[in-house]
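The values are calculated or read from the model by the stated rules, or taken from the named source; none is laboratory data. This one's a predicted model, so the numbers in the text were calculated from it and none came from an experiment. Cβ placement follows ideal geometry from the backbone for every residue including glycine, while neighbour counts extend to all protein chains displayed.
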Amino acid sequence: MARYTDASCRLCRREGQKLFLKGERCYSPKCAIEKRNYAPGQHGQSRKKVSEYGLQLREKQKAKRFYGVLETQFRNYFDKAAKKKGMAGENLLIMLETRLDNAVFRMGFASSRKEARQLVRHGHFTVNGQKENIPSFTVKTGDTIKVKEKSASSPKFKEIKDMSISVPAWITVDVEKLEGKVVAMPRREDIDTPIAEHLIVELYSK
C-alpha cells in the first residue's frame, strides 16, 4: 500500500497552515508553523504570485493532506461525488468525513487522523461488532464504532475516559464504553475543515 513517508510538518509548511497531522505537537510551540511559517525548500521564503490554477491545485493538495488520501484515491472520490445528486464539492467532503479513520478521529479516539489510520489498521476497532481494519471503510447512519475489548485496557484508551471530548453533530460518543455512533450523515455546516471545495471542483472541471 502506497503511503506518504516524509516529514508531516513539511506538508503544513507547504500549505501555509496547520493541517493537524501530529496530534498534540500541533498545539505546542514545537509546531513547525510556529517556528518556520514559510514553505520548505531553498526558495520557500520568496514571495510568488499564485495563479488561479495554482490556488485550485493548492486547495486540492490541502484537502488530500488533511484527510491523508493519495492522488488516485482522491480523484476516485471526486468522480463518485460528481455522479451523486447535489453539489459535487459538498459530496466530496461528506465522503471524506465518513471514512472510518476520520470518524475515529472525530470521536476523539485519536489525536490526529494519521494516528487514527494507524489504530484502525492495527485492528483496535469494531464496526457494528465486526472487526474493521480498513481506514477508508465508509461509515453509515446507525453504525456503532467501538474500541475492541482487548484494546480498551491499553494506556492510550484509558486516558480517553478521563478526557472531555467535543464531537460534531453527526456523531455521539459514550466515553465510558469507548464507543461512538453515527447518528446522521454530516452536512456541510458540520464540517469545520478549512477547505474551499469549489476550487477543487473548478480544478477537476477543466
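Give the residue, chosen from PRO186, PRO168, that is within 19 Å of the chain's Cα centre (by Cα), under 17 Å from ALA116 (Cα atoms) and surrounded by 12 or more Cβ atoms within 10 Å (Cβ to Cβ). Steps first, answer last, please.
Details: PRO186 fails: under 17 Å from ALA116 (Cα atoms).
Result: PRO168 is the single residue among PRO186, PRO168 that is within 19 Å of the chain's Cα centre (by Cα), under 17 Å from ALA116 (Cα atoms) and surrounded by 12 or more Cβ atoms within 10 Å (Cβ to Cβ).
Kindly provide the set of residues from the range 93-129 that are over 17 Å from GLU176 (Cα atoms), basic (Lys, Arg) and touching a helix residue (DSSP H, G or I) at 6+ places or on another chain (Cβ under 8 Å), ordered by number.
ARG99, ARG113, LYS114, ARG117 - these are the residues of the range 93-129 that are over 17 Å from GLU176 (Cα atoms), basic (Lys, Arg) and touching a helix residue (DSSP H, G or I) at 6+ places or on another chain (Cβ under 8 Å).
Out of curiosity, is GLU159 over 25 Å from VAL69 (Cβ atoms) and surrounded by 14 or more Cβ atoms within 10 Å (Cβ to Cβ)?
Considered against the rule, which asks whether it is over 25 Å from VAL69 (Cβ atoms) and surrounded by 14 or more Cβ atoms within 10 Å (Cβ to Cβ), GLU159 comes out as no.
Checking ASN128 against (1) at pLDDT 95 or above; (2) touching an Asp or Glu at 6+ places or on another chain (Cβ under 9 Å); (3) surrounded by 14 or more Cβ atoms within 10 Å (Cβ to Cβ), only one condition comes out false. Which one?
Result: ASN128 passes all but (3).
Going through GLY108, GLY123, GLY129 one at a time, which residue ends up being within 19 Å of the chain's Cα centre (by Cα) and over 24 Å from LEU93 (Cβ atoms)?
Within the list GLY108, GLY123, GLY129, the selection yields GLY123.
For the range 197-206, state whether one or more residues are of a type in the set (Asp, Glu), modelled with pLDDT of 95 or more and over 16 Å from VAL127 (Cα atoms).
Yes: the range 197-206 contains one or more residues that are of a type in the set (Asp, Glu), modelled with pLDDT of 95 or more and over 16 Å from VAL127 (Cα atoms).
Quick check on ALA7: is it at pLDDT below 90 and either hydrophobic (A, V, I, L, M, F, W, C) or closer than 15 Å to GLU197 by Cα (or both)?
In short, yes.
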